[in-house]
Amino acid sequence: MKNQIKKMTLISLFAATSLGLFVIELQIPSFSGIPGIKPGLANIVTLFLINLGENWKTRDVFMVLLIRILLSVLINGQPITLFFSLTAGIAALSMMTALKNTLKLDQVLIISVAGAVTHNITQLIVAGVVISFSVLGYLPFYLIASIITGIFTGLIVKFLLSREKFISILKQ
C-alpha cells in the first residue's frame, strides 16, 4: 500500500511538472513562423521517466502523459488538440519505449530525436486527415525542428540522469 501511494504521488508530481513545462511553452512565441513547431518541453518528463529504470513501467509513464494531455487540453481550451496530442503522444511514447528496450547502450539523444520525429510526423498525418493533406508540405521543416528539439530535450534529460543523488531519491 505504501509503495502504491508513493507511485501515485510521483505520477502526480511528474504530471504536474510536465503540465508546468507545457504552460511555459505556451508562452514562447513561434520562432519559425510555421504553425505547431514548439520545443516540446513537456517531453522532458516523458523521456526522463522512460530512462529512469525498472521502477518506472510504461504504464506509469503513460499515466503521466495522459494526465498532462487531458489537463493541457482543459488549460488550452481547444478540444481538437486532444486528438492531435493524444495520438502523437502515444506514438512518440511507443517509439521511445521500443527504442529504449531495443538499444543495447543508453542512447538518450537517439531516443529523444526519434520521439520528436515520431510526434511531429503523427501530428502532420492527423492534420492531413482532419484539415488537408497539403499540410504534409511542412514535413521537411518539421523534421529539421524535430532533430533540433530532440537533441535539446535529450541533452536536458542526459544532464538530469547524471545527477545520481536526485535519481537515487526517485528509485527508493
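From the list SER132, SER146, the lone residue that is farther than 23 Å from GLY53 by Cα, within 17 Å of the chain's Cα centre (by Cα) and either exposed (fewer than 12 other Cβ atoms within 10 Å of the Cβ) or not aliphatic (A, V, I, L, M) (or both) is SER146. Filtered by the rule that a residue be of a type outside the set (A, V, I, L, M, F, W, C) and in contact with a helix residue (DSSP H, G or I) (Cβ under 8 Å, 6 or more places away or on another chain), segment 135-172 gives TYR138, TYR142, SER146, THR149, GLY150, THR153, GLY154, LYS158. In segment 155-164, the count of residues that are modelled with pLDDT of 95 or more, farther than 19 Å from TRP56 by Cβ and crowded, with 20+ Cβ neighbours inside 10 Å is zero. For segment 133-163, name all the residues that are of a type in the set (Ser, Thr, Tyr), within 20 Å of GLY33 (Cβ to Cβ) and without any contact (Cβ under 8 Å) to a residue 60 or more places away in the chain. Result: SER134, SER146. Going through (1) surrounded by 19 or more Cβ atoms within 10 Å (Cβ to Cβ); (2) farther than 18 Å from VAL45 by Cα; (3) hydrophobic (A, V, I, L, M, F, W, C) one by one, MET96 falls short only on (2). Taken together, the residues in segment 101-116 that are more than 18 Å from PHE159 (Cβ to Cβ) and either of a type in the set (Phe, Trp, Tyr) or touching a residue at least 40 places away in the same chain (Cβ under 8 Å) (or both) amount to 0.
Of all the numbered requirements in (1) of a type outside the set (Asp, Glu); (2) over 13 Å from THR153 (Cβ atoms); (3) touching a Lys or Arg at 6+ places or on another chain (Cβ under 9 Å), GLY33 misses one, and that requirement is (3). When each of ILE11, ILE24, ILE34, ILE44 is tested for being aliphatic (A, V, I, L, M), in a helix (DSSP H, G or I), in contact (Cβ under 8 Å) with a residue 40 or more places away in the chain and within 15 Å of THR149 (Cβ to Cβ), the lone residue that passes is ILE44.
Condition check: surrounded by 22 or more Cβ atoms within 10 Å (Cβ to Cβ) and either within 16 Å of the chain's Cα centre (by Cα) or not hydroxyl-bearing (Ser, Thr, Tyr) (or both). Does ALA116 satisfy that?
Values: surrounded by 22 or more Cβ atoms within 10 Å (Cβ to Cβ): yes; either within 16 Å of the chain's Cα centre (by Cα) or not hydroxyl-bearing (Ser, Thr, Tyr) (or both): yes.
Spelling it out, ALA116 is indeed surrounded by 22 or more Cβ atoms within 10 Å (Cβ to Cβ) and either within 16 Å of the chain's Cα centre (by Cα) or not hydroxyl-bearing (Ser, Thr, Tyr) (or both).
The values are calculated or read from the model by the stated rules, or taken from the named source; none is laboratory data. The structure displayed is predicted, hence computed values, not measured ones. Quick reminder, even Gly has a Cβ in these numbers, built from the backbone with ideal geometry, and neighbours come from all protein chains shown.
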